[in-house]
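Written below as structure tokens is the structure these notes are about.
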Amino acid sequence: GKLLMAGEYCGGRRPTMNYSRMAYAANLTALALLLSCLLSFSIVACIGSFQINAVLPDSVSLLNQSLQRPFSERRNTKAAILGLSTRLLTEINDLDTVHMGGILALETAYDSALSDLSKLGTQAVMLQKFVEGCNNATSPNNSPSVSDAVCPATPVSWSRCGSPGGVSGPGSASPMSNGDKTPSCRHPLTGGIIACPCCDTCRLLREQLAGVVREVEMGRRGLPSLATNGTRVQVDSSLSQASSAVDVGYILLEQSVAEMSQATHWPMHQILESRSARESLAVFLWIPVWVIIVLYTFNVYASVKKLDGAFTAWWILFSIATCYLVTVLLPSFSLISLVSLPLSSLCSILPPAFSPQNSSHLLSILSSSGSFSPTDPAPLLQNLVTKCVLNQTGSVWEAVGLGGQGLADLMHQTLDVQQRIPLSARNASLSTRLQTKGLNFTLFSNITLSDPQFRSTPQCASSLWNCSSSFSVYRSDLAIMLSSLSGALTNLSLSFSNLNNQASYLGGNLTALDGGVLSQVTALSREIQSGDNSGSCVRISQDFEAARGVLCGGLEDGIDTVWGAMLAVWLSFLPLLCVTCQSAKQAHQLKSGPMRLDRPRDVPHHEVKHLTIDLKRPAALSENFSGDDNDPHAKGSFAYALREDIVEALGCGFDWVTIDKCGKAEGFDDEEEDSIFSEDSEASKKDKGKGRIRVWVSLWARQPNPGQLTSSDLHNELIRQFHDNSSPMYKQPLLRSVSRVQ
């Protein structure tokens, strides 16, 4: 224990050299410079810490606002789009009112045409009955009692015309205007009853009329389907499709920010709730540095004034600085590095606001596969970043591919007139020309009295009956019927013409209605796309700009400042510790005076302990040393090196050990002048490489010393180490070959 204290006093923490004024000045300058650096960097770091504390709440608030923005924008957009339902329905209904007014006129035209068809059919039946007569199953054909009343209303059941061979028995002649029977059913020469003629044209007319009536009635029945107005359900469906389409982009943004929000919720909450703790931590982190700087100032003052305890105070301060460096500054620097470095990387990835052209790094991260797959959300997310988040003038509609006419086309799919008025209904009610083309107006308009089917021009050469007068009346009645038939055909032709015109007019109106709906939807879609509350990227982009500005501006700058200042403080502390050690040794020398290489001359003889040390003579020993072998003051000499080994083994001051004399252990003579390293033939014979070197050593313990050591203590310690192969003596280059200590 005593020797350990002596070691602390004489070596290790104690000065091992004499310091010049220049050394004192250089050490003081380095100390002042390092303390100034510590003070400056610690103040900068403290200011940066408070800046971080001031910016953090705003950063958290803006980040939360940015994370919530897609949710609010989605709600606002959906509400804005669905809120247009009543307006759009009103506009479409107004268009329906304007463009569907022709339906009533077309309905009237249909009714008129059907009425004229019915009249023409009546005229055809009357003509057929007049020409063909009746088939009475109960009376003979020539019975004079047969009258008009016996003819059924439907000619098919009475007429024998149209059956195989054209004749199925004599018909019962129809009465004429004078009450006589039609002469066409009598033989012109004999006046006998013959089969009445068949009115093939009448039958053809009635057949064609039946087909036309079916077509026209079908078209008439389809008119209500043309009067289908736009409904709220269709309008709401159209707007819902538009809202759902833009929801895809918002939902993808929501999913992206939800992951970030989930990951940052707890730390962000803790940041907001721990402002006082953070400020206290900043003070706790840097106040010790300022206290250490003050202590350094006091230590410098105590050293200059040579106050007691200045040396110990320096080593206490060294311990305090080392403890602060290891237990406080190093962990804090490591923690802030875990934040600063990733934040710097994040800010290098995030492009500046409103500059999508600088987003290549971010886009490469967002691209999951590098290809634009329909099932891969990466391309859509990339579009949202470049066309919305980084583009203040952009819109989500552009990002999801519904910019320009795209949104109008999507909405028009549901509101298209062809969707609510199918093409089949249009064709059924508006294709009137197809409905009426089955009637051969030309054929039936050219029927004359001389047509053979009427038998109106016989050769009356017999006086057996009134042939000429009967045929005269027959032709007169037949002419009236043909005239009525012609008039009915004319009226029907006019009705058909009006029907075609009204159908064309309504068809044009429906086409115009479709175009009007598309125009209204296009105008509304442009209004939606340009609205601030429906797909606009202004607030999303502004929030990103604000969040990035605070995150990569104030927050990153503050964290980088603190990180850099901490690094500078750390780098300043390392040389400061070295300077502290030097200052402690200089303080000790200022108090105790300069070191001595030799003991004072006035030391009493009894305080000096003399001993001899024999060492094995190593081979080629002279090659390792220079100068005078026996000069203990000449560095590089054997005596000086041995003195260093003894001082190192004992851990004492250099002036405590004196090498009095060196020589050969065998045959040593005081007057012998040969060097202990001489290689003359006699010495070689004598030693043969195994000679001994004897060294006379004096030991002295400077008084006072912390261990109250004496020269006897040093002597005993050296002997103890000689007998202990693991002692410091055997770790020294020369003493390891010692063979005797006495």
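Asp543 meets each of the listed conditions (1) part of a helix (DSSP H, G or I); (2) out of contact with any Lys or Arg (no Cβ under 6 Å at 6 or more places or on another chain) apart from (2).
Scanning region 380-398 for residues that are in a helix (DSSP H, G or I) and either over 21 Å from Ala546 (Cβ atoms) or of a type in the set (Gly, Ala, Ser) (or both) yields a total of 6. Before we move on, is Val562 out of contact with any Phe, Trp or Tyr (no Cβ under 7 Å at 6 or more places or on another chain), among the β-branched types (Val, Ile, Thr) and open to solvent by less than 20 Å² (accessible area, probe 1.4 Å)? Yes: the conditions hold for Val562. Is it the case that Cys46 is open to solvent by less than 30 Å² (accessible area, probe 1.4 Å), of a type outside the set (A, V, I, L, M), in a helix (DSSP H, G or I) and at pLDDT 80 or above? Answer is yes for this residue. Each residue in region 5-22 was checked for being in a helix (DSSP H, G or I) and either open to solvent by 50 Å² or more (accessible area, probe 1.4 Å) or at pLDDT 90 or above (or both), and 4 of them qualify. In region 674-694, the count of residues that are open to solvent by less than 10 Å² (accessible area, probe 1.4 Å), modelled with pLDDT of 75 or more and not acidic (Asp, Glu) is one or more. Counting only residues that are among the polar types (S, T, N, Q) and modelled with pLDDT of 85 or more, region 313-350 holds 3 of them. For region 399-418, taking the residues that are without any contact (Cβ under 8 Å) to a residue 24 or more places away in the chain and assigned to a helix (DSSP H, G or I), the one that is least open to solvent (accessible area, probe 1.4 Å) is identified as Gly406. Contact map, region 287-307: residues that are without any contact (Cβ under 8 Å) to a residue 24 or more places away in the chain paired with residues that are of a type outside the set (Lys, Arg) and not in a helix (DSSP H, G or I), Cβ distance under 9 Å, separation 6+ or inter-chain. Pairs shown: Tyr301/Leu307. Asp514 falls short on exactly one of the conditions (1) in a helix (DSSP H, G or I); (2) acidic (Asp, Glu); (3) surrounded by fewer than 15 Cβ atoms within 10 Å (Cβ to Cβ), and that condition is (3). Screening Asn533 with (1) under 42 Å from the mean Cα position of the chain (by Cα); (2) in a helix (DSSP H, G or I) gives one miss only, at (2).
The requirement of being assigned to a helix (DSSP H, G or I) and modelled with pLDDT of 80 or more is satisfied by Val294.
When the residues of region 521-558 are filtered to those that are under 18 Å from Leu402 (Cα atoms) and among the charged types (D, E, K, R), the one that is least open to solvent (accessible area, probe 1.4 Å) is Glu527. Can you confirm whether region 241-252 contains a residue that is at pLDDT below 80 and farther than 30 Å from Leu410 by Cα? No, every residue in region 241-252 fails to be at pLDDT below 80 and farther than 30 Å from Leu410 by Cα.
Can you tell me which residue is farthest from Leu478 (Cα to Cα) among those in region 191-240 that are of a type in the set (S, T, N, Q) and in a helix (DSSP H, G or I)? For region 191-240, the residue satisfying everything is Ser240. Of Asn491, Asn509, all but one fail to be assigned to a helix (DSSP H, G or I), open to solvent by 40 Å² or more (accessible area, probe 1.4 Å) and touching a residue at least 40 places away in the same chain (Cβ under 8 Å); the exception is Asn491. Going by the conditions given, is Cys185 modelled with pLDDT of 80 or more, touching a Leu at 6+ places or on another chain (Cβ under 6 Å) and either open to solvent by 60 Å² or more (accessible area, probe 1.4 Å) or under 26 Å from Gly121 (Cβ atoms) (or both)? No; evaluated as a whole, the condition is false for this residue.
Checked against the criterion of being in a helix (DSSP H, G or I) and at pLDDT below 85, the candidates Pro70, Pro140 yield just one match: Pro70.
Kindly evaluate Asp96 against the criterion of being surrounded by fewer than 19 Cβ atoms within 10 Å (Cβ to Cβ) and not hydrophobic (A, V, I, L, M, F, W, C). For Asp96, the condition - surrounded by fewer than 19 Cβ atoms within 10 Å (Cβ to Cβ) and not hydrophobic (A, V, I, L, M, F, W, C) - is not met. Restricting attention to region 67-106 and to residues that are in contact (Cβ under 8 Å) with a residue 24 or more places away in the chain and of a type in the set (Asp, Glu), the residue that is farthest from Asn501 (Cα to Cα) turns out to be Glu73.
Among residues of region 315-342 that are closer than 21 Å to Ala302 by Cα, those with a beta-carbon under 8 Å from a residue that is in a helix (DSSP H, G or I) and not aliphatic (A, V, I, L, M) at least six positions away or on a different chain give the pairs Leu317/Tyr296; Leu317/Asn299; Leu317/Thr580; Phe318/Thr580; Phe318/Cys581; Ala321/Phe573; Ala321/Thr580. Among the residues of region 426-470, those identified as surrounded by fewer than 18 Cβ atoms within 10 Å (Cβ to Cβ) and outside any loop (DSSP other than H, G, I, E, B) are Asn427, Arg433, Leu434, Phe441, Thr442, Leu443, Ser445, Pro452, Gln453, Ser468, Ser469. Going by the structure shown, is Ala25 modelled with pLDDT of 85 or more, more than 60 Å from the chain's Cα centre (by Cα), in a helix (DSSP H, G or I) and among the aliphatic types (A, V, I, L, M)? Judged against the criteria, Ala25 is a match.
Output the number of residues of region 610-625 satisfying the condition of being open to solvent by less than 70 Å² (accessible area, probe 1.4 Å) and either at pLDDT 85 or above or hydroxyl-bearing (Ser, Thr, Tyr) (or both). The qualifying residues number 6. Only one entry of Ser40, Ser72 meets the criterion of being under 30 Å from Ala242 (Cα atoms) and surrounded by fewer than 17 Cβ atoms within 10 Å (Cβ to Cβ), and that entry is Ser72. Scanning region 85-129 for residues being modelled with pLDDT of 85 or more and of a type in the set (D, E, K, R) gives a total of 4. Restricting to region 232-242, give me the number of residues that are under 13 Å from Ile421 (Cα atoms) and without any contact (Cβ under 8 Å) to a residue 24 or more places away in the chain. Summing the residues that are under 13 Å from Ile421 (Cα atoms) and without any contact (Cβ under 8 Å) to a residue 24 or more places away in the chain in region 232-242 gives 0. Among the conditions (1) farther than 28 Å from Leu223 by Cβ; (2) touching a helix residue (DSSP H, G or I) at 6+ places or on another chain (Cβ under 8 Å), Asp409 misses just one, which is (2).
The values are calculated or read from the model by the stated rules, or taken from the named source; none is laboratory data. Worth saying up front: this structure is predicted, and the values here are computed from it rather than measured. All Cβ positions, glycine included, derive from the backbone under ideal geometry; neighbour counts span all protein chains shown. For accessibility, only protein heavy atoms count, side chains too; no ligands or nucleic acids. Shrake-Rupley method; radii C 1.70, N 1.55, O 1.52, S 1.80 Å.
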